[in-house]
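Below is one structure, written out as structure tokens, with a few remarks after it.
The values are calculated or read from the model by the stated rules, or taken from the named source; none is laboratory data. Given the structure is predicted, the values throughout are model-derived calculations rather than measurements. Virtual Cβ from ideal backbone geometry, glycine too; neighbours counted across all protein chains shown. Ligands, DNA and RNA are excluded from the accessible area calculation, which covers all protein heavy atoms including side chains. Shrake-Rupley method; radii C 1.70, N 1.55, O 1.52, S 1.80 Å.
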2 protein chains.
Amino acid sequence: MAAPVRSVLPVVLLGCGGVGRHLLRHILSCRPLHANQGVAIRVLGVADSSSLLVADDLHSNGFDDALLADLCAAKSAGSPLSSLLSRGQCQLFNNPEARRKVIDTASVLGKTTGLVLVDCSATYDTVGMLKDAVDRGCCVVLANKKPLTCAYEDFEKLVSNFRRIRFESTVGAGLPVIASVTRIIASGDPVSRIVGSLSGTLGYVMSELEDGKRFSEVVKTAKSLGYTEPDPRDDLSGMDVARKALILARLLGQRISMENINVESLYPSEFGPDAMSTKDFLESGLVQLDKSIEERVKAASLKGNVLRYVCKIESTGCQVGLEELPKNSALGRCYESAPLVIQGAGAGNDTTAAGVLADILDLQDLFHKTA
Amino acid sequence: MAAPVRSVLPVVLLGCGGVGRHLLRHILSCRPLHANQGVAIRVLGVADSSSLLVADDLHSNGFDDALLADLCAAKSAGSPLSSLLSRGQCQLFNNPEARRKVIDTASVLGKTTGLVLVDCSATYDTVGMLKDAVDRGCCVVLANKKPLTCAYEDFEKLVSNFRRIRFESTVGAGLPVIASVTRIIASGDPVSRIVGSLSGTLGYVMSELEDGKRFSEVVKTAKSLGYTEPDPRDDLSGMDVARKALILARLLGQRISMENINVESLYPSEFGPDAMSTKDFLESGLVQLDKSIEERVKAASLKGNVLRYVCKIESTGCQVGLEELPKNSALGRCYESAPLVIQGAGAGNDTTAAGVLADILDLQDLFHKTA
């Protein structure tokens, strides 16, 4: 049944928390499908924040199915990567040796079979490794937004060989936002403006407010449902949306950085992490914000509008914050004729992981086995 | 400023009417952009329904910019391809030699530099050539739906090397419909249902009806605006939508053909092209349909619904026709949570041509120049 293998994609995964772990599960469950398509994904290494588990033989088929399944189970249970050493096939490297081993692996495979370095972590720490990997001819797939949002020079370096990088899941998770914008640019069409509601968390919060619920209650519910970061201020600050906006703006060719983006936070700076603990914010800070938010929701409603947390990217500037939009409008409503609107499941580890997997497969032609 | 050329894409274009001509213009205007990206598109041949103009030297850079511009102008003015012979660089082949020359070209280039055969025609006649090109290792890009909607065996042959074919523009013109579905399939997600409003023409007609206008008037206006085919029954029959539905269904793995699709025509068979001329249909047939359509629009409206011409693809079957949908719903509203919704400029020669160009560029990794 399986087709002859046409493309072999060796992968090293940085970050095996939520998205990374789901990615490994997807890779495992898609094995028969990919075999039918003549594609094989070899997982040669998996790193978390403290260590790297790497295949003994970099030119082997990588971790077998049983080890991958155990790896997913171990990370689910909060066990360290070292718990898998007894399985054989692999070695463990702790930081900073782990970092050096990733770069060595990139050197070895970049020159021979090629390598896809997949970043599903959530730190700025990987950017050095990623740039080194790019220098060594490796491909890069990112679910992690941070490497694309630090210094412009880092972004430029990462996308310098644009065909060897994919980062579809950094904006809109499983929705084809980056691919659509890239296609439009490739065909020479100018993009006049991008307007987006790019946060699933804030999308939920704003919809609930519309139904008359109190801001403090909505945020607490969102937290209890697992929709927010452990400290909800990470979402309410707008920084996550700002990062997505920056990626889109840079994709459009704007040579800007975070400090050029006008970001509206949903809490005042005196309620910020430097001034108040998460506990205090949840127990006493949040409720003090109810009144002003309620007034804004009401003011919008009186005009037949709803409040949405959106990003707006135009040639004149880039901003992220609350906007009044016509009720029942697709967000994206731009009053020009027929703007491209992409709506759907734009959040969630599982959806994001599926997007990362599609990105990896999208690179397969660079790993084409010539007969 | 121009980057070193990384990928050279030799192209032969079948069909240089609306979409094909716009494609040539896009290729021309995107030359500097593509040069910056290290990509070069070489136009080696252009065919219309009667002949083929082909470069003297298949390993040259192909038609120069001046010839391409003249070619666009000639096709705009309705001049035959032979009018360009005086320009040199090229030879003319009339049918059936033209067909043989396309296949010869595919043989020569398929084995050496590779070739992208681009079908922007609107006939079933190209399917043999396309299959021969696939056999010879060529890539295929289609704006023409018909080759994908004839016998299932033909479809199977054309997509047999799925990485070497692109047909994004056959469904939804510039919208990333095919790519989105392909990405979802590649990441192992099951697709339970696709619901789409896939005809710009019928989308226009149905919206106008909603405003209380008469069917016959709306269709005539659509024709005068150039939104319909010369015989509007080509749109009203639903066959164009059925072709798109068939492509999507086959993409999902359904081994079905046109006869398996339930297609609702907006006119009865006694008003069909076999029984009535286009003139008679427009002058006397159309008005006889007003009453029944008006009744359906009203019945929908009384329930707070609007009438839309949609395709529905499910594992249980595939149908194309009028449906009542909730007013203000994004079409695609499926009552499941967060379906993927793609809205936008899904029609027009220009948009379609831009989609074809993006498809061609998407193939560039197969034409990668190894150092």
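Things worth noting here:
- Distance from the Cα centroid of the range A:36-92 to that of the range B:162-205 is 36 Å (rounded to whole angstrom).
- In terms of the mean number of neighbouring beta-carbon atoms within 10 Å, the peptides A:302-313, A:162-173 order highest first as A:162-173, A:302-313.
- Distances, shortest first, from the label point of residue A:224 to those at the same position in the other copies read 6.2 nm; the point lies 7 Å along Cα to C-beta.
- Applying the Karplus relation 6.51 cos²θ - 1.76 cosθ + 1.60 with θ = phi - 60° to the range A:56-64 yields 3J(HN,Hα) values of 4, 10, 5, 9, 7, 7, x, 4, 7 Hz, where x marks Gly and Pro.
- For chain B, share of DSSP beta bridges that run antiparallel, in % to the nearest 5: 50
- Peptide A:41-47, shielding by other chains (average Cβ, 10 Å cutoff): 0
- Expected 222 nm ellipticity per residue - DSSP helices of 4 or more, -39500 (n - 2.57), all of chain B, to 500: -11000 deg cm²/dmol
- What the pair-distance distribution of the range A:32-123 shows, using all Cα-Cα distances binned every 10 Å from zero, is 15, 48, 32, 5 percent.
- With a 10 Å cut-off around each Cβ of A:187-199, the average count of Cβ atoms from other chains is 3.
- Zone of residue B:217's modelled label, taken as backbone nitrogen in the range B:272-289 under 19 Å from a point 7 Å along Cα→Cβ: B:282-289
- A cut-off of 5 Å between modelled amide H atoms, ignoring neighbours fewer than 5 places along the same chain, links residue B:9 with B:40, B:41, B:42.
- Protection proxy ranking of B:180-192, A:219-231, B:107-119 - average other beta-carbon atoms within 10 Å, highest first: B:107-119, B:180-192, A:219-231
- Chain B, rotation onto A, residue closest to that axis via Cβ, with its distance in Å: B:365, 2
- Cut-off under 5 Å, modelled amide H: who pairs with residue B:119 long-range: B:14, B:141, B:142, B:143, B:144
- Accessible surface for chain B, divided over its residues, is 42 Å² per residue with a 1.4 Å probe.
- Each peptide in A:205-211, A:41-47 was scored by the mean count of other Cβ atoms within 10 Å over its residues; highest first, the order is A:41-47, A:205-211.
- Label point of residue B:210 (7 Å along Cα→beta-carbon): distances to the other copies' equivalent points are 1.7 nm, sorted ascending.
- Summing +1 for each Lys or Arg and -1 for each Asp or Glu among the other residues whose beta-carbon sits under 11 angstrom from that of residue A:209 gives -1.
- Legend: mean number of C-beta atoms from other chains within 10 angstrom of residue C-beta atoms, peptide A:162-173, equals 1.
- Summing charges over all other residues whose Cβ lies under 11 Å from the Cβ of residue A:109, with Lys and Arg as +1 and Asp and Glu as -1, gives +2.
- For the cross-link pairs A:111/A:244; A:298/B:213; A:291/A:327; A:75/A:220, the ones whose C-alpha atoms lie over 29 Å apart are A:111/A:244; A:298/B:213.
- Per-residue Karplus couplings for the range B:113-121, computed as 6.51 cos²θ - 1.76 cosθ + 1.60 with θ equal to phi - 60°, are listed in order as 8, x, 8, 9, 8, 10, 9, 10, 7 Hz, Gly and Pro entered as x.
- For residue B:191, the point set 7 Å out from Cα toward Cβ sits 2.4 nm from its twins in the other copies, listed from shortest up.
- Debye intensity ratio in log₁₀ form over the Cα atoms of the protein assembly as shown, taken at each q of 0.10 Å⁻¹: -1.11
- Translational diffusion of chain B, estimated by Stokes-Einstein from the Kirkwood radius over alpha carbon pairs at 4 °C in a medium of 1.567 mPa s, is 59 µm² per second.
- Taking all pairs of distinct alpha-carbon atoms in the range B:193-340, Kirkwood radius in angstrom: 16.0
- Förster-model FRET efficiency, 45 Å R0, residue B:87 and residue B:258, C-beta, rounded to 0.05: 0.60
- Note that the range B:141-146 has calculated 3J(HN,Hα) couplings of 10, 10, 9, 7, 6, 4 Hz, one per residue in order, obtained from phi through the Karplus relation 6.51 cos²θ - 1.76 cosθ + 1.60 (θ = phi - 60°); glycine and proline are x.
- Scanning residues 5 or more positions from residue B:317 or on other chains, none has an amide H under 5 Å from its amide H, with H placed 1.01 Å from N in the peptide plane.
- The residues packed around residue B:282, meaning those with a beta-carbon under 14 Å from its beta-carbon, carry a net charge of -3 if Lys and Arg are +1 and Asp and Glu are -1.
- Contact order, relative form, for chain B: 19 percent (alpha carbon pairs under 8 Å, 6 or more residues apart, mean separation divided by residue count).
- For the protein assembly as shown, a crude dipole built from +1 on the beta carbon of Lys and Arg and -1 on the beta carbon of Asp and Glu, taken about the Cα centre, is about 820 debye to the nearest 20.
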